[in-house]
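First comes the structure, then the notes that go with it.
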Amino acid sequence: MSVRDEHWTAPAQELSLARRKQIFAEAYRRERLRTWRIWLVGGGVFVVMVIAAADIGEVDLVHLWDRLPRFRSYFGRMVPDISLESLWPDLQRWFRRGWVWLRALWETVLIALYATSFGCIAAYFVSFLAADNLSPHPAVRFVARRTLEFARTIPELVYAIIFVFSFGIGPLAGVLALALHSFGAVGKLFADVAENCDREQIRGVRATGANWMQTMIYGATPQLGPDFLSYGLYRLEINVRAASVLGFVGAGGIGQELYNAIKTFRLTDASAISLMLIAAVIAVDMLSSWLRGRVIGKGRLSEA
Amino acid sequence: MRDGPEKPAMPPAVSPSRDWRRERPELFFWTWSRLVILGLLAGIGGYVFLWGLGVLGFGIDRLVNGSLRLGQAIGLMFPPTAQGQLPLYIHAIGETLAMAFLGTLVAAILSVPLGLMGARNIMPVGPVRLLVRRSSDVVRGLDALIWAIFFVSVVGLGPFAGILAIAVNDTAILTKLTAEALENTDREQQRGVRATGAGRLSVINFGVLPQVFPVLIGNALYFFESNVRSASILGIVGAGGIGFYLMDRMMLSAWREVSVIVGLILVAVACIDFLSGRLRRRFIAGRGARVQ
C-alpha cells in the first residue's frame, strides 16, 4: 500500500496530526515532481522540434534582421503617390486597370459560387451514404468515407494544375478543382452532422413504407437542411479566398493579374488588386454570415 | 406542423360547414398567380445559372475532351516511380512539415496578446480593439499563397518565405478566434476571482485564461493540420516545401513522379492528422477532467 493510498483509506482519527501532515507533504511532493517531469519531457521534445524545424526551414534571424529595411521599402513601394490636391487623378492612376480587375474579381466570386454549389450538391448525396446511421450498407459507408477523405486531402491547387493540363487554361479548371476539394471537405461535415440527426423522424418515414431514397428526402433532409446550408455558406467564404489564388496556375480569376503584378514589380498595381480582393472577401463574408444567421434562425423556429 | 383549433372528442351529429380557408390556409397557398410567379423566377434563375456556366467556359465538348485528357494523365501516373529522387522528396516533405510547424507556432504565440487586445471583455479601449479586429480582417482577406509571393519577393526563394506567409495569415485568423473565445468565457469565474480582491491582471490570469487555454491549444493543433496542407502547395510560388517539386514535375509532364509526390503528401497529412487528433483529445480531455 503506497503512502498515498494510506492517506485516503486509513480513518483520520487513527493517525496523528503530524503523520497526516507528513503523508500530505509526501503526496504533494510526488505530485509536483510528476508535473515537473511531464513539463520537462514535453518541453524538451518541443524545443528539439523547434530547433530541428528551424534548421530544416532555413530560419536565419540574422538574415531576417538584415532584411528588415527591405520589408519596409518593399511594402512602402506598394503605397501609391496620392496627394490631396489631385486626389481623383491619383486614384484613377492607381486603379487605371480597375475595370479589368473588377471583371477578374467577378470571375473569382463566380468560380467560388459555382464550385461551392457543385461541391455541396455532390456532398449532399454522398454524405447520406457516409453517415454511420443512414448508410444503406457498411461497405458503402467505408467507400464513401474514403472517397471524401481522398478528395479533401489533395489541395485544390494540385487539382487545379492537373485540370489546367487536361481542360485547358481558364476558369473551368478552377471551378472543377475547387468543387472537387469542397466536395471532400463539406461532405465530411455533412456526414458528421447527419450522424447526429433525430432517429425518430427517420423511423417514422420508414414506417410508412418509404424506400431509402424517400427516407433521406422526407426524413433526413428537412431536419438537416439548415445545418447543411450553414456549412455550405461557410465553405463559400473559404472558397472565395481559395479562388483568388487559382490564377497562379492559370485556373482563372484575379490570381493571374495579381501574380503578374507582383512578379513584374508593379507594386502599386499589386496593392490596388489586393485592396479590391480584400473588399470582395469581406463583402462575401458579411453577406454569408447574414444569410447564415437567417437560415439558422429559421431552423430553430421549425424545431420549436 | 401547426395544430388546428381544439377538436371535440366526438364530432357533432350534424357538423357545421367548416371554414377550411381559415383553418388550413396552407392548403390554399398555391394559387395560379403564385405558380406563374414561381415559374418565372425559376426560369430567370435557370437562365442566370446557364449564363454563369457560359462565362466560366463550361461546354459539353470541353468537358468531354478534358475528361479524356484527364483520364490519359491519370493513366500515365501509374505505376508511380520516384526515379531515385525519393530522398529529395522526403527532405522536401520534412521542409513542408517544418514550415507548417514554425508558422503555426509563431501565429499561436502572437495571437494571444493580439486576441486579448481584440476581446471586448478584456480590452476596455474601443479604438484599439477596433484596430486589432479590422486589421485582422484585412490580413485574413488575402490567402497564405498571396502572402507567400510577397515574402518571396522580400526575403528570396526558400522555406523562410513560406514560414512568414503562414505565420502572418494564421496570426490574423487565430487572433479573431482567440478574441471570440475570450468573449465567450464564463463571467462567474472572473467574478469569483475578483471577489478575492484580485486586480485586473490577476482576473485575466486566473479567471479568463484557464478557460480559453484548451480552446487555444485545440485551435493551434487544428491549424497545424490545415497548414500542412497549405504548406505543401506554397512551393508553387517558390516558398519552399514539396510544392516546388510537384509544380516542376507537372510542368515536365513527369506524371509517374507526380503520383509519388501526391502519395507522399497524402501520407504526411494522414500522419499529422492522426498525431494531432490524439494530442488534441488528450489536451482537451485532460483539461476537462481537471475542471470537473
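The values are calculated or read from the model by the stated rules, or taken from the named source; none is laboratory data. Note that this is a predicted model, so its numbers are computed, not measured. Every residue, glycine among them, receives a Cβ derived from its backbone with ideal geometry; neighbour counts consider all protein chains shown.
When you check B:Val128 against the structure, is it under 25 Å from B:Arg229 (Cα atoms) and either surrounded by fewer than 18 Cβ atoms within 10 Å (Cβ to Cβ) or touching a Lys or Arg at 6+ places or on another chain (Cβ under 8 Å) (or both), yes or no?
Criteria not met by B:Val128.
Given the condition part of a helix (DSSP H, G or I), at pLDDT 85 or above, more than 12 Å from every other protein chain (Cβ to nearest Cβ) and surrounded by 22 or more Cβ atoms within 10 Å (Cβ to Cβ), answer yes or no: does some residue in segment B:223-232 qualify?
yes
Need pairs with beta-carbon distance below 7 Å; first residue outside the structural domain of A:Pro226 (by TED's automatic domain parsing) and within segment A:117-138, second polar (S, T, N, Q) and in a loop (DSSP other than H, G, I, E, B); sequence gap 6+ or separate chains.
Partner pairs satisfying both residue conditions: none exist.
Out of A:Gly204, A:Gly253, report the one residue that is modelled with pLDDT under 85 and within 14 Å of another protein chain (Cβ to nearest Cβ).
Just one listed residue meets the conditions, A:Gly253.
Sort out which residues of segment B:55-71 are aliphatic (A, V, I, L, M) and either in contact with a His (Cβ under 9 Å, 6 or more places away or on another chain) or assigned to a helix (DSSP H, G or I) (or both), and write them in order of number.
Passing the criteria: B:Val55, B:Ile60, B:Leu63, B:Val64, B:Leu68, B:Leu70.
Can you tell me how many residues in segment A:136-172 are facing chain B (nearest Cβ under 8 Å), at negative phi and not β-branched (Val, Ile, Thr)?
9
Only residues that are over 23 Å from B:Leu56 (Cβ atoms), over 23 Å from the mean Cα position of the chain (by Cα) and not hydroxyl-bearing (Ser, Thr, Tyr): list them for segment A:262-283, please.
Selection gives A:Ile262, A:Lys263, A:Phe265, A:Arg266, A:Leu267, A:Asp269, A:Ala270, A:Ala272.
Is there any pair with a first residue in segment B:236-252 that is more than 12 Å from A:Val249 (Cα to Cα) and a second that is in a loop (DSSP other than H, G, I, E, B) and aliphatic (A, V, I, L, M) whose Cβ atoms are under 6 Å apart and which are 6 or more apart or on different chains, and what are they?
B:Gly238/B:Leu157
If you take the residues in segment A:230-250 that are touching a Leu at 6+ places or on another chain (Cβ under 8 Å) and away from every other protein chain (no Cβ under 14 Å), which one is nearest to A:Ala179 (Cα to Cα)?
A:Leu236
Can you tell me how many residues in segment B:72-130 are outside any helix (DSSP H, G or I) and among the hydrophobic types (A, V, I, L, M, F, W, C)?
7
Here's the yes/no breakdown for (1) crowded, with 24+ Cβ neighbours inside 10 Å; (2) small (Gly, Ala, Ser); (3) in contact (Cβ under 8 Å) with a residue 24 or more places away in the chain:
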position	(1), (2), (3)
A:Ala179	yes, yes, yes
A:Gln201	no, no, no
A:Gly204	no, yes, no
A:Tyr218	no, no, no
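Of all residues in segment B:161-199 being of a type outside the set (Gly, Ala, Ser) and outside any helix (DSSP H, G or I), which is farthest from A:Thr264 (Cα to Cα)?
Checked segment B:161-199; the qualifying residue farthest from A:Thr264 (Cα to Cα) is B:Thr196.
Can you pull out the residues in segment B:133-157 that are of a type in the set (Ser, Thr, Tyr) and within 7 Å of chain A (Cβ to nearest Cβ)?
Residue satisfying the conditions is B:Ser153 alone.
Hey, can you tell me all the residues within segment B:202-228 that are aliphatic (A, V, I, L, M) and under 13 Å from B:Asp186 (Cβ atoms)?
Those that are aliphatic (A, V, I, L, M) and under 13 Å from B:Asp186 (Cβ atoms): B:Val203, B:Val208, B:Leu209, B:Val212, B:Val215.
Run down A:Ile278, A:Ile262 and say which single residue is at pLDDT 90 or above, surrounded by 14 or more Cβ atoms within 10 Å (Cβ to Cβ) and facing chain B (nearest Cβ under 9 Å).
A:Ile278
Mind checking which residues of segment A:56-115 are surrounded by 12 or more Cβ atoms within 10 Å (Cβ to Cβ), free of Cβ contacts under 8 Å to residues at least 60 places away in the same chain and under 22 Å from A:Ala283 (Cα atoms)?
Hits for segment A:56-115 are A:Leu91, A:Arg103, A:Trp106.
Filtering segment A:265-275 down to residues that are at the interface with chain B (Cβ under 10 Å from one of its Cβ atoms) and surrounded by 21 or more Cβ atoms within 10 Å (Cβ to Cβ), which residue is nearest to A:Val186 (Cα to Cα)?
A:Ser274
When you go through B:Val36, B:Val125, B:Val48 one by one, which is the residue that is at negative phi and either within 14 Å of chain A (Cβ to nearest Cβ) or among the basic types (Lys, Arg) (or both)?
B:Val48
Out of the residues in segment B:233-247 meeting the condition of being within 11 Å of chain A (Cβ to nearest Cβ) and assigned to a helix (DSSP H, G or I), tell me which one is surrounded by the most Cβ atoms within 10 Å (Cβ to Cβ).
B:Leu234
Just name the residue that is farthest from the other protein chains (Cβ to nearest Cβ) out of those in segment A:37-70 that are over 15 Å from B:Leu102 (Cβ atoms) and among the aliphatic types (A, V, I, L, M).
Out of the qualifying residues, it is A:Leu40.
Of all residues in segment A:43-60, which are over 28 Å from the mean Cα position of the chain (by Cα), at pLDDT 80 or above and not β-branched (Val, Ile, Thr)?
Matches in segment A:43-60: A:Gly43, A:Gly44, A:Asp55.
Quick check on segment A:23-36. Is at least one of its residues within 14 Å of another protein chain (Cβ to nearest Cβ), free of Cβ contacts under 8 Å to residues at least 12 places away in the same chain and under 29 Å from A:Leu246 (Cα atoms)?
So far as segment A:23-36 goes, no, none of its residues is within 14 Å of another protein chain (Cβ to nearest Cβ), free of Cβ contacts under 8 Å to residues at least 12 places away in the same chain and under 29 Å from A:Leu246 (Cα atoms).
Tell me whether segment B:140-160 contains one or more residues that are modelled with pLDDT of 85 or more, assigned by TED's automatic domain parsing to the domain that holds B:Gly238, assigned to a helix (DSSP H, G or I) and farther than 30 Å from B:Leu252 by Cα.
There is at least one residue in segment B:140-160 that is modelled with pLDDT of 85 or more, assigned by TED's automatic domain parsing to the domain that holds B:Gly238, assigned to a helix (DSSP H, G or I) and farther than 30 Å from B:Leu252 by Cα.
Is it the case, given these coordinates, that B:Val258 is among the β-branched types (Val, Ile, Thr), more than 9 Å from every other protein chain (Cβ to nearest Cβ) and not in a loop (DSSP other than H, G, I, E, B)?
Judged against the criteria, B:Val258 is not a match.
Could you identify the single residue in A:Ala210, A:Ala185, A:Ala179 that is under 20 Å from B:Gly243 (Cβ atoms) and out of contact with any Pro (no Cβ under 8 Å at 6 or more places or on another chain)?
A:Ala185
Does B:Arg120 meet the test of being touching a residue at least 24 places away in the same chain (Cβ under 8 Å), under 25 Å from A:Met286 (Cα atoms) and either surrounded by fewer than 18 Cβ atoms within 10 Å (Cβ to Cβ) or over 27 Å from the mean Cα position of the chain (by Cα) (or both)?
Considered against the rule, which asks whether it is touching a residue at least 24 places away in the same chain (Cβ under 8 Å), under 25 Å from A:Met286 (Cα atoms) and either surrounded by fewer than 18 Cβ atoms within 10 Å (Cβ to Cβ) or over 27 Å from the mean Cα position of the chain (by Cα) (or both), B:Arg120 comes out as yes.
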